[in-house]
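The values are calculated or read from the model by the stated rules, or taken from the named source; none is laboratory data. Computed from a predicted model, the values in this text were never measured in an experiment. Note that each Cβ is placed from the backbone with ideal geometry, even for glycine, and that neighbours are counted across all protein chains shown.
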Amino acid sequence: MQTADPIALCEVEVWAVPDYWIGVNELDSEVGVFQHVDGSSMQQEFWHPGKPVEAFVMNCVAEVTKNYTTLWSDFNCEREIMAICQRTVLTTT
């Protein structure tokens, strides 16, 4: 029985990580001013080098893994990707 190279598996797992929309866009603000979907301003930003791109259609922000580093990249909001969302958990008493 052959065993897989653990380094190769690690590389596959890293590159298999999908992009996720993180609930940040610039749809309701001036170009280059990104904010959370609730309208709150950004406290910190974690852009990949060369991002964001000053383009009319690149209005949403995704968390993207490249070269083993997870940072932000802007993308067209019409592109369908997975999302990371925050929600209120309701509890019963």
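In table form, for the structure just shown:
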{"item": "Complete set of residues in region 40-81 that are in contact with an Asp or Glu (Cβ under 7 Å, 6 or more places away or on another chain) and either touching a residue at least 60 places away in the same chain (Cβ under 8 Å) or farther than 11 Å from Asp19 by Cβ (or both)", "result": "Lys51, Pro52, Val53, Met58, Asn59, Ile81"}
{"item": "Per-region count, region 35-48, residues within 12 Å of Asp74 (Cα to Cα) and modelled with pLDDT under 90", "result": "1"}
